[in-house]
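Q: Sharing a structure here in structure tokens format.
The values are calculated or read from the model by the stated rules, or taken from the named source; none is laboratory data. Here the structure is a predicted model, which is why all the values come from computation and not from measurement. In this analysis, Cβ positions are derived from the backbone assuming ideal geometry, glycine residues included, and neighbour counts consider all displayed protein chains. The accessibility values were calculated without ligands, DNA or RNA, using every heavy atom of the protein model including side chains. Shrake-Rupley method; radii C 1.70, N 1.55, O 1.52, S 1.80 Å.
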Amino acid sequence: MTTPPLPSAPQQARDMALSAVLAWSLPVDPDELCLVTGELVANAVTHAGTTLGVRIRTRGGAAVRVEVTDRDVRPPTLFAPGRSDESHWGLVVVAALASRWGYERLTTGKVVWAEVDFAAEPVPLA
């Protein structure tokens with residue numbers, strides 16, 4: 001009998017984002033929020049290589065904010081990958097889908113965040 005593999009950190013974060021959308025009835029596109037969340041976590045796993053934390057919360061009833069905290073003080077870098085590049089697309093995707101994104105230095109590392117504004121119309125869930 002084999003044990004099923006544990007989900008990756010980005011998959012766990014995407015599952016967390018989808019749970020938040022469903023539990024809180026957030027008026028955001030769940031696919032976009034999951035993609036933004038997964039890319040922020042994948043970036044932290046790949047570049048920080050430290051323990052990390054994920055927080056999802058609403059911002060003033062107008063947006064949902066995803067925060068990924070790690071212990072690396074280096075700021076995230078938005079690259080301009082070439083069309084054939086298979087990496088460095090994470091923050092490009094985040095910048096394209098999020099309404100805003102950025103980072104804040106902490107005494108123990110940093111938090112990289114992205115916000116997705118609430119939709120004016122209800123978002124149908126598939």
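Q: Quote the relative contact order of the chain in percent (integer), defining contacts as alpha-carbon pairs under 8 Å separated by 6+ residues. Before the final figure, lay out the partial values.
A: Details: 205 pairs, mean separation 33.2, N = 126.
So the answer I get is 26 percent.
Q: At a 1.4 Å probe, what is the % contribution of carbon and sulfur to the accessible area of the chain?
A: Numbers: 4240 of 7670 Å².
Carbon-and-sulfur percentage of accessible area, whole number: 55.
Q: Might you tell me the accessible area per residue for the chain, computed with a 1.4 Å probe and given in Å²?
A: On the way: 7670 Å² over 126 residues.
Averaged over the residues of the chain, the accessible area is 61 Å².
Q: Under 18 Å from a point 7 Å along the Cα-to-Cβ line of Ala119: which residues of region 16-40 have their amide N that close?
A: Only 17-37 fall inside the zone, counting backbone N under 18 Å.
Q: If we count every other residue with Cβ under 15 angstrom of Arg71's Cβ, Lys/Arg +1 and Asp/Glu -1, where does the sum land?
A: Numbers: positive: Arg74, Arg105, Lys110; negative: Glu67, Asp70, Asp72, Glu104.
For residues surrounding Arg71, the net value is -1.
Q: In region 27-123, which trypsin sites (Lys or Arg not before Pro) fall in coil by DSSP and have 14 or fewer other Cβ atoms within 10 Å? Before the final figure, lay out each step's value.
A: Values: sites: Arg55, Arg57, Arg59, Arg65, Arg71, Arg83, Arg100, Arg105, Lys110; in loops: Arg71, Arg83.
Passing sites in region 27-123 are Arg83.
Q: So if each residue of separation counts as 0.36 nm, and I subtract the Cα-Cα distance between Ala23 and Glu104, what length gain in nm does that give? Let's see the in-between values first.
A: Numbers: separation 81, 0.36 × 81 = 29.16 nm, distance 2.80 nm.
This chain segment gains 26.4 nm when fully extended.
Q: Separate question: Just to check I understand the Karplus step: with θ = phi - 60° and J = 6.51 cos²θ - 1.76 cosθ + 1.60, what whole-Hz values come out for region 107-116, glycine and proline as x?
A: 5, 10, x, 7, 10, 9, 10, 8, 10, 10
Q: Let me ask something else about it. Lys and Arg at +1, Asp and Glu at -1: add these up for the other residues within a Cβ distance under 13 Å of Val116 and post the number. List each step's numbers first, then the result.
A: On the way: positive: Arg57, Arg59, Arg65, Arg100; negative: Asp29, Asp31, Glu32, Glu39, Glu67, Glu115, Asp117.
Counting the neighbours of Val116, the net charge comes to -3.
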